[in-house]
1. Would you please give the FRET efficiency between residue 95 and residue 28, computed as 1/(1 + (r/R0)^6) with r the Cβ-Cβ distance and R0 = 35 Å, to the nearest 0.05?
2. Given the Cα-Cα distance of residue 103 and residue 64 and 0.36 nm per residue of separation, how much length would full extension add, in nm?
3. Please return the longest range in the chain lying between exposed loop sites, taking GluC sites (Glu not before Pro), DSSP loop only, at most 15 other beta-carbon atoms within 10 Å, and leaving the sites out.
4. Label points 7 Å out from Cα along the Cβ direction at residue 72 and residue 40: separation in nm?
5. Residue 40: net charge of surrounding residues, Cβ under 13 Å, Lys/Arg +1, Asp/Glu -1, itself excluded?
6. Helix-only mean residue ellipticity at 222 nm, the chain, DSSP H runs n ≥ 4 weighted -39,500 (n - 2.57), per residue, nearest 500. What is it?
7. Placing +1 on the Cβ of each Lys and Arg and -1 on the Cβ of each Asp and Glu in the chain, which of 109, 209, 229 has its Cα farthest towards the positive end of the resulting dipole?
8. Please compute the net charge surrounding residue 176, taking Lys and Arg as +1 and Asp and Glu as -1 over other residues with Cβ under 13 Å from its Cβ.
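The numbers here are math on the coordinates, done by the rules we state, and not lab data. Just so you know, these numbers come straight off a predicted model, no measurement behind them. Because the Cβ atoms are built from the backbone with ideal geometry, glycine has one as well, and the counts that use them run over all protein chains shown.
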Amino acid sequence: MSDSPDVALSPIDEKRFGIRTARSPLVTFDTLPSIIDFCHQNQVIFLIARCPTTDLKAVHEMEKNGFNLMDTLVYYERNLLKKGVPEDPGETLVRLSTPDEDAAVQVVAEEALHGYFGHYHADPRLDPTLCDQAYVDWAVRSVASRQIADDVLVAEISGKIAGFATLRLNNANEGEGVLFAVAPWAQRRGIYNSFIIKGMEWCLSKGASSMVVSTQITNIAVQKVWVRLGFELNRAYYTFHKWFDTP
Ligand SMILES: CC(C)(COP(=O)(O)OP(=O)(O)OC[C@H]1O[C@@H](n2cnc3c(N)ncnc32)[C@H](O)[C@@H]1OP(=O)(O)O)[C@@H](O)C(=O)NCCC(=O)NCCS
């Protein structure tokens with residue numbers, strides 16, 4: 001059976017964890033049976049499945065089928081035209097990265113995202129070191145490839161990269177702040193706040209009228225920043241993992 005919009009094999013996860021993996025970005029009650037069939041037909045061992053928090057019928061069906069909840073993702077949106085972008089009160093230099101800064105971004109990602117509380121780390125069956133690597137690879141690929149991020153911002157303190165923010169234009173109207181991290185030694189001095197303000201400016205410069213961001217519901221620090229800057233909760237998803245090699 002070939003991949004469908006509802007489910008696809010995930011070669012990148014398979015390579016990282018050494019386990020045949022599939023991803024389903026939008027499970028619904030109606031599509032769940034065909035997603036499970038796809039996994040059986042393709043010898044999938046590990047399925048990462050996301051469903052809207054509004055579809056409780058799908059949640060209950062997944063629970064019946066041995067899916068385990070790993071995280072809850074919240075999406076916030078900011079209309080950039082209704083209200084202007086505030087001045088950045090930060091004192092740290094924030095600028096576009098250059099392609100040769102991937103090694104510096106890697107160091108920040110390794111320090112800041114170690115043990116990050118996303119769905120990978122929540123699963124006791126996955127090696128935490130490999131879970132860390134998933135975020136680090138994503139950050140490094142974002143700097144190197146315009147297919148993953150359209151631009152990456154970096155914060156610089158005394159010539160050293162202190163944080164990064166990856167940005168993507170989803171369509172003509174919407175920009176997205178995708179992955180952010182600030183090195184532990186540079187945290188709590190407003191760099192993340194600056195990244196979000198500069199991200200809003202970036203979206204406007206690309207012609208977008210709104211910016212979206214997402215995180216685990218447990219990530220209070222970033223949601224505090226978003227709410228203060230006028231972002232509003234827009235939608236949420238549960239991430240489930242299903243292991244097909246356990247009864
Ligand atoms: C979350 C993170 C980006 C914040 O970066 P930062 O530059 O330290 O953030 P800021 O200095 O702009 O602070 C933002 C607010 O969050 C608070 N905050 C920062 N880190 C916090 C923490 N670990 N716990 C609770 N609050 C925190 C700050 O105190 C500030 O709130 P305040 O004004 O009430 O004091 C950084 O801690 C990090 O890289 N964490 C790991 C990766 C991560 O969570 N990335 C975001 C994924 S969406």
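1. Here the calculated transfer efficiency is 0.25.
2. Additional length available on full extension: 9.6 nm.
3. Details: sites that count: 87, 91.
It runs 92-247.
4. Going from the residue 72 label point to the residue 40 one covers 3.2 nm.
5. It works out to a net charge of 0.
6. Value at 222 nm, helices only, nearest 500: -10000 deg cm²/dmol.
7. Value computed over the given set: 229.
8. Summing Lys and Arg as +1 and Asp and Glu as -1 gives -1.
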